[in-house]
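All of the numbers you see were taken from the coordinates with simple rules; none came from a lab. No experiment lies behind these values; they were computed from the predicted model shown. Cβ: placed from backbone, ideal geometry, glycine included. Neighbour counts: every protein chain shown.
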Amino acid sequence: MLRGLRSLHGICWFFFAWLQLVFSQSFTPAAIPLAVRSPYFSTWLSTTNGTAVTNEWPHFWSQANSHNNGWAGLVRVDSITYRWLGAAPGMNATTRTSSQVTPTRTIWTVKAGPMTLNITFLTPIEPSDWVRQSMPFSYLSFEAESTDGKSHDVQVYSDVSAEWLSGNLSALVQWNTTTTNQLIYHEVVLEESTQFTEVSDQAVDGTLYYAIAQGTSATYQTGQDAVVRGQFSTKGTLKNSQDTNFRAISNDYPVFGLAVDLGNIQSTQSPVVWSVGFVRDPSIQYTTGSGTVQNRSPYYVTQYSSAVDAMEAFVSDYSDAASRSTQLDDEITKNATSISSEYSDLVSLAARQTFGAIDITVSQGTKSQWNTSDVMIFMKNMGTDRRVNPVEVMYAAFPMFLYVNASYGRSLLTPLLEFQTSNIYTLPYAASDLGTSYPIASGESSSNSQALEDTADMIIMALAHARASGDGSLLVQYYDLLKSWADYLVDNSKTPVNQVSADGQNNANMTNLAIKGIIAIEAMSQISSVLQNTSAASTYSEIASADSSAWESLAMSQNDAQGLLFTYGLTNSWALMYNLYADLLLGTNVVSQSVYDRQNDYYNSLISDGTSRTYGLPLDSAAAVQGSSAWLSFTAATANSSVRDQFISMIWKRATYNQTAGVFPATYDVDSGTVTGGTASPAQGAMFAPLALNIANQTISTSGGLSGAGTSGSPSSSSNIGAIVGGVVGGVGGVALIIAAVFFWRRRRARAAQVAYEKTAIDDSAVVSPEPFPYATTPYAPPAMDQSQTTDTLEQPPPIPVMSTKLREHLRHMAPVAPASSASGSGTRTSGSQYSQEPPTTIGGSTSPSARSEIHGLRAEVENLRRYMQELHAQQLEAPPSYVEE
């Protein structure tokens, strides 16, 4: 009977291995995740230039820290020792026959003599269990099956080295091995550690654990790497002994081994499982808005009194954790594969990378009790610097958190919002982060060159979280702060100057940056509506509508073959319009469908005319070869299925490019693939952007809303008609020249182009999913543009803009004026749930939204005239036909 069960197990195991081989990914990134849980617990394996993964030491994520995280795996089959993990010398090589990366697992099939091995590195993602998600542990499992149908004598071994503890290999370490009824585990620490300190990106205040479930055949040993591994290779077992000669990490490299004798087998009856952990407690030092410094602990401490207790629970939970992870992987990859297999690869690689950049923390309340209502998540700007909760990177990663469990959004945003309601922070726009020395979140109150970018990001993320989760608590608690930021956007979004975008550009009047601010203004209208502040909702909506109408006129090229310009009026320029994504995500509908259709056509033309490179389109026409996988993914989500799939394929080609070392980079050269920044960046959560568009919106609960609350302050604007028109044209002389030219050309040819569109209603229906994980099913695909409507504009002069009667009258009486200057918003705010008075219907105290709309209409017409003259002049500079060389 037992032999029959073993035979059945063997058949099932081989079937699984066969499936792994058949469906093995043709996807080999430069580094694959092994144990990736937090910014300081992040171990990868390099596969650069076709490196054999079973003959390479795993390494810490950082390129700055080139030392290995020693992690070895050996198997002894009929007294012959094979190496299946690491590069331990003197062992026989193995051959990897298949490999697969899922959101939670990296799986290898390896041939070792007469045995086939299944090696799985599992770092669970626990969307709805933050205790488990905050546990700083990861699994390594081993299964084996004979390839000849015969039984073989098999022993298996694995160890970790002290290299996991610091980037300084001269640092002294000490260790201990403990056996309990449940576990055998090694515990390794630095002799001298400093809290919240890094050496070459690696924390020096952690404890390394390596554990295995207790069993009669498990043995352990600590000591020099060659000695411990040599003992296993020779004897197939360890001595159950400890080396007490504590020393430096690189002094006879101490390792911490655990072995299991499987006996004479055809196949393993259950996996051999090791658990590795890197524990830091406290994990974050956070300065509250009141100036109190908190040492915050990982959230699992709310359930487990010690790291060892948590580790015991983690080890015993392997079977269930593997089952949950498999289900999660299957759901994510199924939905992603509905777009493409390449897209499934991308979300699989990005998931652990993004989750591996955060720490889920809790503070201690009164009487030494944990304050479970105070959960904050902190993100490190990995691959770039040590910024804490970098807003633009959080924004890029947000689609993944929304898709997996939108509740993560609240705890990511809370520390930023809390700090900025304090008296310490007095700027009228959002901060870019919470400090520059992770894991110290000291707050940031200095001026921010990405003011518009980060301010819009914060409002968009706040609403996106509420819509996807149904939790409106942030909107209630921080309404005044969000409204003051919206007022800043009212003053600065329509014509942004002295602003830096998320991709590092700092040109005036950047089209992509302007529309993000306008979308955020409409988002503030939705927030006000949710909180029953109907007057504010109406005012912000009217402003957004007026600004978006003007934006479309200013931003769209007059050449029908082109799309949106990089900056207003910059002929023949273009940009990846990744900021349109927020319009679709939130359903703000401030961008007309005709814009999306036109962009689809233009992206297609850029792809077909060679503007796109092997690894994607550059960020814009001024960026040369600088590309971003995160922003290209956002752009893909705004496109039709054809363009989307081409962009995804470009990102996939860079993700699978392994000629340059580094963990899936966020920015790179689109020609050569060379990494330019963002190695291991959590911004790769942007890979989930297409899936996040399908999350069902839920009814937003505000627990009482705004009934009867009083407030003060209003949206403001410093604009005036003369300044706007004068800023665009530059004076009466320029206007007169344009008018004369228009009059002349209108007598010869007149053509007006109008784009009609309908705005779809915002879907605020209450769709409450019974599952905590909002799986998506169908990617967004805008309707395809009618190709029959395209025209060849190269063979005719540009269309002449039509001048309105209002513009004629205004220009007749206009005096020369200086260009408009941007004023900072100064709306007052208070913390907590106090709301300002419902704003008046005027903007800036004198100009109504309807007047603002008229202003923008005038400005847009003048800009169209100016652009028309530029294009006409460009055509006239061409040599006459008789002078063209043959």
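A few remarks follow.
- Using the Cα coordinates of region 2-330, the gyration tensor eigenvalues translate into equivalent-ellipsoid semi-axes of 32, 23, 19 Å, sorted from longest to shortest.
- What separates the Cα centres of region 346-372 and region 575-646 is a distance of 33 Å.
- Summarising the amide proton neighbourhood of Val36: residues at separation of 5 or more, or on other chains, whose placed amide H is nearer than 5 Å comprise Thr43.
- Descending by average beta-carbon neighbour count within 10 Å, the peptides 609-622, 149-162 line up as 149-162, 609-622, the highest first.
- Mean-position separation - Cα centroids, region 437-471 and region 68-139, in angstrom: 38
- Distance-filtered residues of region 499-515 - backbone nitrogen under 15 Å, label point 7 angstrom along Ser447 Cα→Cβ: 499-500
- Exposure proxy ranking for Thr180, Thr268, Thr571, Thr123, based on other Cβ atoms within 10 angstrom of each Cβ and starting from the fewest, stands as Thr180, Thr571, Thr268, Thr123.
- Region 591-606 - phi-based ³J(HN,Hα) in whole Hz, Karplus 6.51/-1.76/1.60, Gly and Pro as x: 10, 6, 4, 4, 5, 4, 4, 5, 5, 4, 4, 6, 4, 4, 5, 5
- Partner lysines for Lys334 [C-alpha distance under 25 Å; skip if fewer than 8 residues away on the same chain]: Lys653
- Scoring 234-241, 644-651 by mean Cβ neighbours within 10 Å over their residues and listing the highest first yields 644-651, 234-241.
- Annotation: Cα Rg of region 597-659 relative to the compact-globule expectation 2.2 N^0.38 Å equals 1.03.
- Peptides 684-697, 77-90 ordered by packing proxy, namely the average of other Cβ atoms within 10 Å per residue, highest first: 684-697, 77-90.
- Here the dipole of region 2-330 is about 680 debye; that uses its Cα centre as origin and unit charges on the Cβ of Lys and Arg (positive) and Asp and Glu (negative).
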